[in-house]
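Working notes for the structure below.
The values are calculated or read from the model by the stated rules, or taken from the named source; none is laboratory data. What you see is a predicted model; the values in this text were computed from it and never measured. Here the Cβ positions follow ideal geometry from the backbone for every residue, glycine too, while neighbour counts run over all protein chains shown.
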Amino acid sequence: MASTSRLTGLRDSDIAGRRERVAESAGLTPEQLGVLDPAAGLSLEAADHMIENVVGVLGVPVGIGTNFVVDGVDRLVPMATEEPSVVAAASNAARMAREHGGFTTSDTGPVMIAQIQLVEVPDPGAAAFRLREAAPEILAAADAQDPVLVSFGGGARALEVRELATRTGVQVIVHLHVDVRDAMGANAVNTMAEALAPRLAEIAGGRAILRILSNKADQRIVRARATFDRDLLGGADVVRDIVHASAFAEADPYRAATHNKGIMNGITAVVLATGNDTRAVEAGCHSHAVRGGIYRALSRFEETPSGHLAGTLEVPLAVGLVGGATRAHPVAQAAVKILGIANASELGAVIASVGLAQNLAACRALAAEGIQRGHMTLHARTIAASAGAEPHEVALVASRIVAEKKIRAEYATEVLAELRAATPVAP
Ligand code: MEV
């Protein structure tokens, strides 16, 4: 939780100044944010314990999404991304929602699914019946695998049995639903699936092959909604055109893929910053986008009766706070502290809200001035900085080269020289 996420002018500070403001608002010391220095972040030694054949680490910029109010709480949002405009766009959209109370979320609870594949089952219908009858025994055996999870209020919740027609015959697929609490859950459910497989095969009279979680995490859904202010969006015409853009993405897979990519720009940035598994979340979200056999938009925008824009997003989010890189990576730990979240549910709430904000920002830009203007404005700041502008000069140089439509290094150098010549140096 942040004392406020409305940190105006953050981008005009230098990095030390930004850290100070973030630290102050999030209740951390600037030293606690020190791990965000490349030299102090993930050490080679720690990296060597994470994966194999380590030769180095990759730096990705971490920026702070501002203006977010999620379920009534101000949140500063660490976002790891190499793409310009993402952090600024999310922050801008969050400001438009802030006027109307920010983002409101709900979730279905942290339930993951493990799949156990049974093949060569002589009578699949009868086997499915026997497996359903054995559910209490199977669920108890699953819980016995993870007493710690059970002591935290998690554990096996349900057994589902499917008869699946495949080209190698009817297979019996058992789904074990497990409440994984604050974990991402892969380790917990995979352990259970492997332990249960022999007994399931015995009951079915067949052979177990695959025993692995499903990334289609449709029992771990997070929903976010927000109302974006008409005037901050740019007026009634922009609202109308965003609704048209939304309808386009709801109906057309070609547009939906790009629309959803915009959502993932925000979601993946927070998932990565917090050390979670970006591929798991992306697989879950894209599979959730298929409804009625057609790949569609994950979000929807509508005009409210008072002329503002209401946005909703529904995504499966398999993210956790315990285990994996979230615990091992110092930057992920700092990200969790900045977010001020207490559990995986709060993390999911922030991530879904960022996805919706990111999506709104992209749709707004596309429906209004187009995406390039914002990109070029940010690009101009990079050009200004690389021409030698000091942090306090960057905004001035960038705005001049944008206004004069000459976003080029040599012109930035010229503008900078002019600016310095015109600014009297203190005696
Ligand atoms: C670019 O990274 C993302 C967008 O293409 C998303 C969209 O088109 O909605 C701008």
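Can you find even one residue in the range 46-62 that is away from the ligand (no atom under 16 Å from the Cβ), outside any helix (DSSP H, G or I) and under 24 Å from Ile341 (Cβ atoms)?
Step one: of the range 46-62, the residues away from the ligand (no atom under 16 Å from the Cβ) are 46-59, 62.
Right, trim to outside any helix (DSSP H, G or I) and you get 51-59, 62.
Imposing the further condition that a residue be under 24 Å from Ile341 (Cβ atoms) reduces the set to 62.
Yes, the range 46-62 has at least one match.
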- When you go through Lys216, Lys261 one by one, which is the residue that is of a type outside the set (Phe, Trp, Tyr) and more than 16 Å from the ligand (Cβ to nearest atom)? Lys216
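Quick check: anything in the range 238-252 in contact with a helix residue (DSSP H, G or I) (Cβ under 8 Å, 6 or more places away or on another chain) and more than 16 Å from the ligand (Cβ to nearest atom)? Talk me through it step by step, then tell me what you get.
From the range 238-252, those in contact with a helix residue (DSSP H, G or I) (Cβ under 8 Å, 6 or more places away or on another chain) are 238-239, 241-242, 244-246, 248-250; that's our starting set.
Next cut, more than 16 Å from the ligand (Cβ to nearest atom) only: 239.
Yes, because at least one residue in the range 238-252 is in contact with a helix residue (DSSP H, G or I) (Cβ under 8 Å, 6 or more places away or on another chain) and more than 16 Å from the ligand (Cβ to nearest atom).
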- Query: Does Val73 count as in contact (Cβ under 8 Å) with a residue 24 or more places away in the chain, of a type outside the set (D, E, K, R) and buried (at least 24 other Cβ atoms within 10 Å of the Cβ)?
  - Reply: no
- Please work out which one of (1) farther than 28 Å from Ile263 by Cβ; (2) within 16 Å of the ligand (Cβ to nearest atom) is the condition Ser43 fails and give its number. (2)
- For the range 335-344, does any single residue satisfy the condition of being at positive phi, touching a helix residue (DSSP H, G or I) at 6+ places or on another chain (Cβ under 9 Å) and of a type outside the set (D, E, K, R)? yes
- Task: Among residues belonging to the range 121-138 that are farther than 10 Å from Gly206 by Cβ, in contact with a strand residue (DSSP E or B) (Cβ under 6 Å, 6 or more places away or on another chain) and among the aliphatic types (A, V, I, L, M), point out the one that is surrounded by the fewest Cβ atoms within 10 Å (Cβ to Cβ).
- Result: Ala135
- Can you confirm whether the range 6-24 contains a residue that is surrounded by 13 or more Cβ atoms within 10 Å (Cβ to Cβ), in contact with a Ser or Thr (Cβ under 9 Å, 6 or more places away or on another chain), outside any helix (DSSP H, G or I) and in contact (Cβ under 8 Å) with a residue 12 or more places away in the chain? yes
- Can you tell me how many residues in the range 103-133 are farther than 19 Å from Asn343 by Cβ and assigned to a loop (DSSP other than H, G, I, E, B)? 4
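Is it true that Gly206 is within 16 Å of the ligand (Cβ to nearest atom) and in contact with a helix residue (DSSP H, G or I) (Cβ under 8 Å, 6 or more places away or on another chain)? Reasoning before the result, please.
Working: within 16 Å of the ligand (Cβ to nearest atom): no; in contact with a helix residue (DSSP H, G or I) (Cβ under 8 Å, 6 or more places away or on another chain): yes.
Judged against the criteria, Gly206 is not a match.
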- Ala361 is checked against (1) in the same structural domain as Arg255 (by TED's automatic domain parsing); (2) touching a residue at least 60 places away in the same chain (Cβ under 8 Å); (3) more than 16 Å from the ligand (Cβ to nearest atom) and fails just one. What number does that condition carry? (3)
- Task: Looking only at the range 105-162, count how many residues are farther than 20 Å from Arg211 by Cα and without any contact (Cβ under 8 Å) to a residue 24 or more places away in the chain.
- Result: 7
- Message: Pairs needed: first member in the range 174-203, more than 16 Å from Pro136 (Cβ to Cβ); second member anywhere, surrounded by fewer than 22 Cβ atoms within 10 Å (Cβ to Cβ) and of a type in the set (Phe, Trp, Tyr); C-beta distance under 9 Å; at least 6 residues apart or different chains.
- Response: Arg181/Phe152; Asp182/Phe152
